[in-house]
Amino acid sequence: AKQAGRGTFRVFDEATDIHLQSRQKMKSALRAALGQGELSVFYQPLIGLADGRVTACEALMRWHRKGAGWITPDQFIPVAEEAGLIGVMGEWVLHEACAHAARWPDNVSLAVNLSPLQFHGGGLVDVVVSALRASGLPPERLQLEITESVLLDPTDRNITVLQELRAVGVKIVMDDFGTGYSSLGYLRSFPFDKIKVDRSFIRDLPHAREALAILKAVAGLGRSLDMRTTVEGVETQAQLDCAIAEGVDEAQGFFFSRPLPAPAITSFISGRLGR
Ligand code: C2E
Ligand code: CA
Ligand code: CA
Ligand code: CA
């Protein structure tokens, strides 16, 4: 902090400096982590509510940072985006996760999150196709999860990319549904294969009337627009019961399993076969 006229500003500036420094440090550490194999992919199962089997697993990135333990993506994805690293990281996740998923049973799909920034620069379709080819995973077993910020682009370029991905055969999922300003409106701009109701609605179940009304509405919307519906963040039997009562297709959450490393998810899947 320089030339601080008032103590309060001085303190604020120093805090900002420290914040910037640690962000800068995290950026270079993340760059190094990529090369040193400190990143890994965990998987969380999605459970079909009709039969209780694993329908898909969502790939969730983890960073085992030397001296700092496990770091969750909420901390490092924004840094990766800012540092221009999300493109290579996203490509790495696709390849890694498709290779794992190719060894799962045929009826278990893979869900991968895409950052809106991966739509920039134009290589996304090729990256997806090459991950599918290298792994042998059939395109219809890959679900790409996007948030509505991908659809904010007024030129509709990203819609074209989504259509190209759809033509490849992969499924497109709207993630975190209900959190944005006009989630409903975006359903008109692209025919999603699936919508995932945001965790914040599930958290307030079963007692919050508003959350229950929204869940009911989304489940109905899914049925009339021919989209599958998923709830995320299910932690209790009561929350699961709400989802079942509303006719939601799938559920995901700590109630079933936390995100697990690749070998553990394989055991989880086989443990639930034939249920
Ligand atoms: P998301 O896509 O909404 O993923 C779901 C998050 O909810 C995950 O957090 C998961 O661990 C957490 N979760 C699942 N069930 C429960 C539950 O019952 N209770 C609670 N409290 N949490 C639950 P995670 O793994 O920390 O990931 C956070 C976010 O980081 C993800 O949110 C996604 O937006 C982003 N992310 C993760 N991996 C990737 C990736 O490979 N690429 C990109 N672009 N983003 C990623
Ligand atoms: Ca997701
Ligand atoms: Ca989500
Ligand atoms: Ca989320």
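The values are calculated or read from the model by the stated rules, or taken from the named source; none is laboratory data. Bear in mind that the values here come from a model prediction, so they are computed numbers and not experimental data. Glycine also receives a Cβ, built like all others from the backbone with ideal geometry; neighbour counts cover every protein chain displayed. Accessible surface is based on the protein model in full, side chains and every heavy atom, while ligands, DNA and RNA are left aside. Shrake-Rupley method; radii C 1.70, N 1.55, O 1.52, S 1.80 Å.
Normalised by 2.2 N^0.38 Å, with N the number of residues, the alpha-carbon radius of gyration of the stretch 158-272 equals 1.14.
Its Kirkwood hydrodynamic radius, worked out from the mean inverse distance over all distinct Cα pairs, puts the stretch 113-203 at 13.7 Å. Relative to the longest principal axis of the chain, what angle (0 to 90°, nearest 10) does the C-alpha long axis of helix 73-82 take? So the helix axis and the longest Cα principal axis differ by about 60 degrees. The average projected area of the stretch 53-149, computed from the convex hull of its Cα atoms over all directions, is 7.2 nm². Taking ALA245, ALA219, ALA262 in turn, the Gaussian network model of the chain (Cα-Cα springs below 10 Å) assigns the largest fluctuation to ALA245.
Rolling a 1.4 Å probe over the protein heavy atoms gives the stretch 10-167 an accessible area of 48 Å² per residue. Note the angle between two axes, namely the Cα long axis of helix 124-135 and the longest principal axis of the Cα atoms of the chain, as a number of degrees from 0 to 90, rounded to the nearest 10. The helix 124-135 is inclined about 60 degrees to the chain. Springs between Cα atoms under 10 Å define the GNM used for the chain, and in it the highest mean-square fluctuation of ILE214, ILE86, ILE195 occurs at ILE214. Considering the chain, its Cα convex hull presents a mean projected area of 17.6 nm². If you plug the beta carbon distance of GLU38 and ALA217 into 1/(1 + (r/R0)^6) with R0 = 51 Å, you get a FRET efficiency near 0.75. Structure remark: mean-square fluctuation, Gaussian network model of the chain, C-alpha springs under 10 Å; the largest value among GLY87, GLY185, GLY52 belongs to GLY185. Model label points for ASP204 and GLU235, set 7 angstrom from Cα along the Cα-to-Cβ axis, are 1.6 nm apart. For the chain, the longest principal axis of the Cα atoms and the long axis of helix 157-168 meet at an angle of about 40 degrees. Taking a point 7 Å out from the Cα of SER189 in the direction of its Cβ, the residues of the stretch 135-151 whose backbone N falls within less than 13 Å of it are 147-151. Label positions at ASP226 and ALA99, each projected 7 Å from the Cα along the C-beta direction, are separated by 3.8 nm.
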